[in-house]
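The values are calculated or read from the model by the stated rules, or taken from the named source; none is laboratory data. Treat the numbers as computed from the prediction; the structure is a model and nothing was measured. Glycine also receives a Cβ, built like all others from the backbone with ideal geometry; neighbour counts cover every protein chain displayed. Just the protein is used for accessible areas: all its heavy atoms, side chains included, with ligands, DNA and RNA removed. Shrake-Rupley method; radii C 1.70, N 1.55, O 1.52, S 1.80 Å.
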Amino acid sequence: MAAKLKKGDKVVVLAGRDKGKRGEIIRMIPSENRAVVQGVNMVSRHKKPTQTDPGGIAQMEAPIAVSNLAIEDPKDGAPTRVGFKFLDNGRKVRVARKSGEVIDV
């Protein structure tokens with residue numbers, strides 16, 4: 001089945017500690033049904049010093065379940081579900097269910 005969410009999509013968090021936050025998907029993990037979203041689900045990680053990095057406590061994004069994300073509608077930015085349709089040239093594209101706008105370019 002085609003992916004409803006992809007790297008680079010603008011999404012809204014629907015549930016959890018960061019509910020309501022918006023961000024861009026920077027990495028997808030399809031085997032775990034998770035995505036890493038920029039600025040969302042931030043965690044602290046202790047890093048050992050290396051020759052190039054002084055180490056310390058670093059803030060980084062942790063993966064979040066795809067079920068807790070919804071894509072932003074291209075028309076008004078509201079969260080929406082994703083559907084699929086075929087264009088006249090036979091190309092399959094993602095569409096926003098709320099407005100019917102094509103998401104893929």
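Remarks
- Options V43, V12: the member that is farther than 23 Å from V93 by Cα and modelled with pLDDT of 95 or more: V43
- Residues satisfying the stated conditions in the range 15-39, i.e. within 12 Å of E72 (Cα to Cα) and surrounded by fewer than 13 Cβ atoms within 10 Å (Cβ to Cβ): G20
- Among the residues of the range 31-41, the one identified as in contact (Cβ under 8 Å) with a residue 24 or more places away in the chain and over 12 Å from the mean Cα position of the chain (by Cα) is E32.
- Checking the stated criteria, S44 turns out to be in a strand (DSSP E or B) and open to solvent by 50 Å² or more (accessible area, probe 1.4 Å).
- Given (1) part of a loop (DSSP other than H, G, I, E, B); (2) loosely packed, with under 12 Cβ neighbours inside 10 Å; (3) free of Cβ contacts under 8 Å to residues at least 24 places away in the same chain; (4) not β-branched (V, I, T), index of the condition K6 fails: (2)
- Scanning the range 70-83 for residues that are assigned to a strand (DSSP E or B) and within 14 Å of the chain's Cα centre (by Cα) yields a count of 6.
- Number of positions in the range 47-66 that are in contact (Cβ under 8 Å) with a residue 12 or more places away in the chain and either open to solvent by 40 Å² or more (accessible area, probe 1.4 Å) or not in a loop (DSSP other than H, G, I, E, B) (or both): 9
- Residue selected from the range 84-101 under the condition open to solvent by 60 Å² or more (accessible area, probe 1.4 Å) and part of a strand (DSSP E or B), by the criterion farthest from V12 (Cα to Cα): F86
- Meets criteria (more than 21 Å from V93 (Cα to Cα) and in contact with a Leu (Cβ under 6 Å, 6 or more places away or on another chain)) for N68: yes
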